[in-house]
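Comments concern the structure below.
The values are calculated or read from the model by the stated rules, or taken from the named source; none is laboratory data. Computed from a predicted model, the values in this text were never measured in an experiment. Glycine also receives a Cβ, built like all others from the backbone with ideal geometry; neighbour counts cover every protein chain displayed. We work out accessible area using only protein heavy atoms, side chains counted, and drop any ligands, DNA or RNA first. Shrake-Rupley method; radii C 1.70, N 1.55, O 1.52, S 1.80 Å.
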Amino acid sequence: MSETTPDHSANPLLVSHTLPEFSAIKPEHVEPAVRELLAEQRRVLVAAENVATPDLDWLRSLEHISTEIDRVWGPISHMNSVVSSPPLREAFNRCLPLIAEFGTELGQNETLYRHFRTLQERVDPAKPVERQLIANALRDFRLGGVTLTGAPRQRFKEIMQQLAAQQAKFEQNVMDSTDAFEHRETDRAALEGLPQFVLDRAAALAAERGFEGWCLRLDPPTYQTVSAHAESPALREKYYQAWVTRASDQGPHAGRWDNSALIEEILALRHEAAQLVGFKTFAEFSLATKMAESPRRVIDFLRDLGERSRVVAREELAMLTEYAGRKLEAWDVAFYAERLKQEKLELAEEELRPYFPLPRVLDGLFKLCATLFDLRVAEAPRPDVWHDSVRYYELKRPDGTLIGSFFTDLFARPNKRGGAWMGGCVSRAKLNGRSQAPIAYLVCNFNAPAADKPSLLTHTEVITLFHEFGHTLHHLLTEVDYPSLAGTNGVAWDAVELPSQFLENFTWRPEVLRDIGRHFETGAPLPDDKIETLNRSRTFLAGLAMVRQIEFALFDFRLHDEYTPERGSRVQAVLDEVRREVAVIEPPAYNRFAHGFGHVFSGAYAAGYYSYKWAEVLSADAFAAFEEAGVFDRATAERFRRAVLATGGSRNALDAFIEFRGRPPDLDPLLKQAGIATRQ
Ligand code: ZN
């Protein structure tokens, strides 16, 4: 082997594989593999540019590019999330820009765009999946500015760069102003109500800073703990004020990291970009990749939900006020809500843990899958894996045909990213004579089992497991042959949480709880009174939570829908109007919520925050079909599988929903689920 020819046989990422030898992947393999991969895919891309007349084989060869990138880059980013190390992270970060650059080359490729247009005219109308694939590609080219020429094209690029920088600056301001806040305390009584572990941490921080007493910061968990537990109204108010004035012209650091100008600039740039590519507003631009049909539809949806929830939210506030015995300020609500909950429900999350041993919960989940879809989940011989606690399962039809498989990596450990997620490991593909069955990663962060007891879950963790398994089923049960539309790929993102949230609903059902809830030592079933209390906790103060989310969503959407360069954003005016319409708690005049709203000003939720509620409506309504027919009704499950799970991104999400439900989505099931409809 000469020095100029890399030895591929030594790099597990470059050896031909469906699944790589995970345990053999080392940080030093990453960059050579990525460079080799991209060089090869650039050759494929050049060949694709040079075809005379694009046809379906051409389309399939382009799909191979994303399959190949997943095959090499997928395991790298997966391992960076679950078994990270400084050298791996460094290698990963070095390659990120290379991958992004290739993505830009694809997304900005005018020759490909022209080929797609030619193909759109030629493709058989009886091929809906291919037509959808082409339509999505053309849409994304348009949203990326490829259709522009000359000065507008240049301007679009500039806008995108400026937006990226300003959105990052917005986030930086929020972080800096959050980090700048400290509360120093020498009087222990002023901290009454805070949990011991918070006090310990505060004492340690004070010692580190070299003074007596306690020092509390403004990170989100501390803010939430103070709001819910601090007995001192003065301390709660101080925290509230610091939190809602971050990065603004108000509060303890007024004007220091003020996001006011950035908000204006970001909205102006988004509006201009949307208009350049042919939309009236950024709200319209945002909806181009979503299930909701029009801005009007989103606003009506939020207003309808808001109006119906507000009645109940007012009642809940009245109940809380009566309980507190005085008028509640914005910083009192979480505190009294927490107290009332403990008094009324007498249910501690931790109390249920012994009833949810992980092996039993998994068995119950797989049994549910068999009952609903007539499919078998069984542990299979494990391929090479990245960590010893990983398990491997196969999903099969009763006749033994393999549908797909998945890894579970369920326990928290150092160097593993927090939270829970489903990741596509291999997407289903059937292209030009090659086919591959889908494979998923199902990742959680539960407590690992101990020598003498299994991993025990809280009910919230049970919900998490069902949620991620819902995404897993979506990934595995797809019948689409094109990877970019298979499973969750290409699904409108206000609809992608439908299967996952749908499956969560089963974790509240007594039939399911009696099955998965068994005491790990005695085998006793979860008592009926606990099941009942658990279900009451689901609807506790749900109206207040609902109107709060609707306030955020309506504010975000109206801001992007109503913006004009002449008027500017009217950010505080829109927020005030929305609050008058849907909120039940009047915030103080210094409240600058918008200035810290990172989801919308620096994240991916611009004119998209409504998606949370939208997907909840879909999943509650889908589950209602099961409640009507019987929660384990196989015919209903089969309809759901065929219309929603099997079709992935290959068809319009609303059409798929209507095929399943026989009508468009309805709000009532969500309101009923939140206990709101029944109280009106
Ligand atoms: Zn999810």
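Values for this structure:
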item: Qualifying positions in the range 213-247 - within 18 Å of P588 (Cβ to Cβ), open to solvent by 60 Å² or more (accessible area, probe 1.4 Å) and under 30 Å from the mean Cα position of the chain (by Cα); result: Q241
item: Matching helices (runs of 4 or more DSSP H) fully within the range 46-136 where at least 2 residues are at pLDDT below 95 and open to solvent by less than 70 Å² (accessible area, probe 1.4 Å); result: 56-82, 86-107
item: The range 492-511 residues that are touching a residue at least 60 places away in the same chain (Cβ under 8 Å) and over 28 Å from P525 (Cα atoms), paired with ones that are open to solvent by 20 Å² or more (accessible area, probe 1.4 Å) and within 12 Å of the ligand (Cβ to nearest atom) (beta carbon under 6 Å, 6 or more apart); result: V496/T488
item: Subset of the range 174-204 [crowded, with 19+ Cβ neighbours inside 10 Å and in a loop (DSSP other than H, G, I, E, B)]; result: F181, L194
item: Residue match in the range 491-501 (condition: closer than 25 Å to E349 by Cα and assigned to a helix (DSSP H, G or I)); result: yes
item: Number of positions in the range 322-352 that are touching a Leu at 6+ places or on another chain (Cβ under 8 Å) and under 19 Å from Y240 (Cα atoms); result: 4
item: Which numbered condition S455 fails, given (1) away from the ligand (no atom under 16 Å from the Cβ); (2) surrounded by fewer than 17 Cβ atoms within 10 Å (Cβ to Cβ); (3) farther than 18 Å from K367 by Cα; result: (2)
item: Any hit, the range 470-479, residues being touching a Gly at 6+ places or on another chain (Cβ under 7 Å), open to solvent by less than 50 Å² (accessible area, probe 1.4 Å), of a type in the set (G, A, S) and within 16 Å of the ligand (Cβ to nearest atom); result: no
item: Matching option when the condition is buried (at least 16 other Cβ atoms within 10 Å of the Cβ), in a helix (DSSP H, G or I) and in contact with a Lys or Arg (Cβ under 7 Å, 6 or more places away or on another chain), among V547, V512; result: V547
item: Residue in the range 385-392 that is closer than 23 Å to N505 by Cβ and open to solvent by 20 Å² or more (accessible area, probe 1.4 Å) present; result: no
item: Selection status of T464, open to solvent by less than 10 Å² (accessible area, probe 1.4 Å) and either modelled with pLDDT under 95 or within 12 Å of the ligand (Cβ to nearest atom) (or both); result: no
item: All positions within the range 406-452 that are within 16 Å of the ligand (Cβ to nearest atom) and in a loop (DSSP other than H, G, I, E, B); result: R417, G418, G419, A420
item: Lone qualifier among R71, R94 - being closer than 21 Å to G423 by Cα and basic (K, R); result: R71
